[in-house]
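The values are calculated or read from the model by the stated rules, or taken from the named source; none is laboratory data. As the structure is a computational prediction, the values presented were derived from the model and not from experiment. Cβ: placed from backbone, ideal geometry, glycine included. Neighbour counts: every protein chain shown.
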């Protein structure tokens, strides 16, 4: 049985088809700029097989049309076959609310609940559910499962996930810390345990998912006990365009000075973070290049991000009662030796001894032999984690 994994972003769509027998990815695809540039020739489809990528300029008006193109490609190449035959489908769903803590078979009742809570993830849940609907219409006999970004963090205690707000707001509206990137954090933590040759139930790990969206997670004995994103993905670290955490009174201060609520929402989500601090770009690669070249604002943006990461790792170390490993994953975490060096030098007091050569070479382990705390680089593989969880829920094992 093969597993088709669907990862729908606000204006993108990724898919990956896994062979259920070998666990290998047969084909992967990425649709870029869905909707925003439809009809302008700026969208693209990238199909990857055996490590070779083929990019085609294509514009898709919405996620449903991208799903239709994907199905034509998969059917045309008979990729739903395999020794066991058939397939199941797994969807990355950003928000599962308080109801779901594992991969879940999608039923009409599940869909009703996910539509109800889409207000908590308005950019992601609706497009993911549109993909579910399109695939249900096209392939009505295939089971579809939801794997939630929030599920891994359902093990947080109420002392962690509740805010210092009137408790009635939680009871009435579900206002609490949910956390996101859970699939990535879970994969990274379990992979770290494998690399270290240790039982994850004995480890205290901080996973750092660093990309355009960024979050840190405290994984104690295999369970998430705290994470930096909160009620929405806005809380926590300064990101590509999101502000991260700040004093909420600032919002009312700005309103008193003539800023409209909608303009503030746009500013803290789309014009802040690395973009707002540097004034030039939301991509860390550009920020790093300019910081190295001596541009003060870019250096400041990078230093602020590094500081916030160090502070969170320090806090989570205290919360877990110690630390055995720090994991870097995501586009920035996997590729920026500059940022990793800044973070690990700030954690030297905790027992992290950086191996400069290993760090510069993006090696798997970037701390020196004998370092009491290990630092690892683990490439993100959310799709594989989703496939594993879907197969487990469907009663099988991938690979």
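Tabulated values for the structure
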{"quantity": "Residue in the range 116-127 that is modelled with pLDDT of 95 or more and within 17 Å of residue 182 (Cα to Cα) present", "calculated": "no"}
{"quantity": "All positions within the range 282-314 that are touching a residue at least 60 places away in the same chain (Cβ under 8 Å) and closer than 27 Å to residue 225 by Cα", "calculated": "304, 305, 308, 309, 312, 313"}
{"quantity": "Residues within the range 202-219 that are over 19 Å from residue 284 (Cβ atoms) and surrounded by fewer than 23 Cβ atoms within 10 Å (Cβ to Cβ), tallied", "calculated": "3"}
{"quantity": "Residue 47 vs. criteria under 29 Å from residue 215 (Cβ atoms), within 22 Å of the chain's Cα centre (by Cα) and modelled with pLDDT of 90 or more", "calculated": "no"}
{"quantity": "Condition broken by residue 346, with the remaining ones in (1) over 23 Å from residue 185 (Cα atoms); (2) surrounded by fewer than 19 Cβ atoms within 10 Å (Cβ to Cβ) satisfied", "calculated": "(1)"}
{"quantity": "Residue that is nearest to residue 25 (Cα to Cα), among those in the range 64-80 that are assigned to a helix (DSSP H, G or I) and in contact with a strand residue (DSSP E or B) (Cβ under 6 Å, 6 or more places away or on another chain)", "calculated": "70"}
{"quantity": "Residue among 232, 227, 241, 266 that alone is farther than 18 Å from residue 177 by Cα and under 18 Å from the mean Cα position of the chain (by Cα)", "calculated": "241"}
{"quantity": "Any hit, the range 177-190, residues being outside the structural domain of residue 338 (by TED's automatic domain parsing), part of a helix (DSSP H, G or I) and over 26 Å from residue 366 (Cβ atoms)", "calculated": "no"}
{"quantity": "2 or more residues surrounded by fewer than 17 Cβ atoms within 10 Å (Cβ to Cβ) and out of contact with any helix residue (DSSP H, G or I) (no Cβ under 7 Å at 6 or more places or on another chain): qualifying helices (runs of 4 or more DSSP H) within the range 228-281", "calculated": "249-256, 261-270"}
{"quantity": "Of all residues in the range 107-136 being outside any helix (DSSP H, G or I) and under 23 Å from the mean Cα position of the chain (by Cα), the one that is nearest to residue 228 (Cα to Cα)", "calculated": "121"}
{"quantity": "Identity of the residue in the range 137-166, assigned to a strand (DSSP E or B) and free of Cβ contacts under 8 Å to residues at least 60 places away in the same chain, that ends up farthest from residue 118 (Cα to Cα)", "calculated": "144"}
